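Each remark here refers to the structure printed beneath this line.
Quick note: the coordinates plus some simple rules give every number you see, no bench work behind them. Treat the numbers as computed from the prediction; the structure is a model and nothing was measured. Here Cβ is always computed from backbone atoms with ideal geometry, including for glycine, and neighbour counts include all displayed protein chains.
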């Protein structure tokens, strides 16, 4: 059974926008760990983040406490 992304949900649209604009993010997990990088893709259950070395990490959405754009330091 395929589950489609519900693009009427603001959270789905926000992540899609982060993907489209390749905005770096900080993703905090419920464990307290922090993953930073760019969101490559999302599906109904997971999000994939690529760090500065292009190392990909797939995270279950259930494990996410928050996701926010990372402020670039100038």
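Measure off 7 Å from each Cα along the Cα-to-Cβ vector at residue 6 and residue 30, then give the distance between these two points in nanometres to one decimal.
1.9
Any idea how far apart residue 40 and residue 22 come out in nm if each label point goes 7 Å out from Cα toward Cβ?
1.4
Just from its helices, what would the mean residue ellipticity at 222 nm be for the chain, if runs of 4 or more DSSP H residues each count -39500 (n - 2.57) and the sum is divided by every residue, rounded to the nearest 500 deg cm²/dmol?
When only DSSP H runs of four or more count, the value is -5000 deg cm²/dmol.
Taking Rh as the Kirkwood radius computed over C-alpha pairs, what is the Stokes-Einstein D of the chain at 10 °C in a medium of viscosity 1.306 mPa s, expressed in µm² per second?
Answer from the Stokes-Einstein relation: 125 µm²/s.
Using only Cα atoms, find the angle between the long axis of helix 10-21 and the longest principal axis of the chain, and express it within 0 to 90 degrees, rounded to the nearest 10.
With both axes taken from Cα atoms, the answer is about 50 degrees.
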